[in-house]
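Colleague: The following block contains the structure, expressed as structure tokens.
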Amino acid sequence: PIVYTLATQKSADGLSLSTFTLSLCGYSCSAAYNFKKGHALSTYVESVLLAVQCAVISFVCALLKGIDVGRVLFGSIAYVGAALLLLLGSPPPRLLAVLQVWATSLLMVSLIPQLYLNYSRKEPGQYSPVTAGLSVLGNSIRIFTTLTLTKDPLLL
């Protein structure tokens with residue numbers, strides 16, 4: 001719903017860019033941790049898909065908010081470079097563990113900027129209740145699959 005709303009309204013006034021960039025980092029770290037640990041794709045595919053969604057929303061939102069195209073492209077290139085380095089490189093296990101803890105922390109606080117924006121504006125903005133509900137449902141399912149398939153306490 002958010003990407004559709006951005007495309008049709010051509011405005012990102014009701015969205016917090018911080019929420020989506022924090023979520024992008026969190027989902028990316030979680031996906032990288034799972035990939036490097038060799039977990040089955042089915043245990044983290046939603047993190048990959050949500051990272052892609054957050055990347056698209058962040059990119060479009062930044063442009064609609066009038067952020068300089070050069071800065072947006074630089075940030076995008078830096079993100080892709082860091083992700084490739086992490087995925088193709090050999091990060092130490094301790095770094096992977098820190099990234100997973102960081103991912104959990106980022107995802108826990110990522111909605112705070114959006115909630116604050118909604119509170120300030122006295123409206124839900126472009127962050128629809130449907131999206132929020134789907135997020136809660138997805139996170140609930142993720143807890144079950146994580147406990148069932150990986151037995152990795154860092155993933156919770």
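Colleague: Using a probe radius of 1.4 Å on heavy atoms only, what accessible surface per residue do you get for the range 3-153? Whole Å² is fine.
Modeller: Numbers: 8940 Å² over 151 residues.
Heavy-atom SASA per residue in the range 3-153 reads 59 Å².
Colleague: Which of the listed residues, SER76, PRO124, LEU86, is farthest toward the dipole's positive end in the range 1-132, when Lys, Arg count +1 and Asp, Glu count -1 at the beta-carbon?
Modeller: The one lying farthest along the dipole's positive direction is LEU86.
Colleague: Remind me, relative contact order of the chain in percent, using alpha carbon pairs under 8 angstrom and six or more residues apart?
Modeller: Numbers: 144 pairs, mean separation 62.9, N = 156.
Computed value for the chain: 40 percent relative contact order.
Colleague: Show that you can apply the helix-only estimate: for the chain, add -39,500 (n - 2.57) for every DSSP H stretch of four or more residues, divide by all residues, and state [θ] at 222 nm to the nearest 500. Don't jump to the answer; show the numbers that get you there.
Modeller: Details: 7 runs with 117 residues, N = 156.
Computed mean residue ellipticity for the chain: -25000 deg cm²/dmol.
Colleague: If you put +1 on each Lys and Arg Cβ and -1 on each Asp and Glu Cβ, how big is the dipole of the range 3-156 around its Cα centre, in Debye rounded to 20?
Modeller: Values: 10 positive and 5 negative charges, 31 e Å.
Magnitude of the dipole: close to 160 debye.
Colleague: In Å and on Cα atoms, what radius of gyration and Dmax does the range 39-153 show?
Modeller: Cα-based Rg and Dmax for the range 39-153 come out at 16.5, 47 Å.
Colleague: Have a look at ALA62, THR104, ALA32 and report the one farthest towards the positive end of the charge dipole of the range 1-111, computed about the Cα centre with Cβ charges (Lys/Arg +1, Asp/Glu -1).
Modeller: ALA32
Colleague: Using only alpha carbon pairs under 8 Å that are at least six residues apart, calculate the relative contact order of the range 27-99 and give it in whole percent.
Modeller: Details: 33 pairs, mean separation 31.4, N = 73.
In percent, rounded to a whole number, it is 43.
Colleague: Express the carbon and sulfur contribution to the solvent-accessible surface of the chain as a percent, rounded to the nearest whole number, probe 1.4 angstrom.
Modeller: Values: 6720 of 9190 Å².
Carbon plus sulfur share of accessible area: 73 percent.
The values are calculated or read from the model by the stated rules, or taken from the named source; none is laboratory data. Computed from a predicted structure; not experimentally measured. Note that each Cβ is placed from the backbone with ideal geometry, even for glycine, and that neighbours are counted across all protein chains shown. All accessible areas refer to the heavy atoms of the entire protein, side chains included, with ligands and DNA or RNA removed. Shrake-Rupley method; radii C 1.70, N 1.55, O 1.52, S 1.80 Å.
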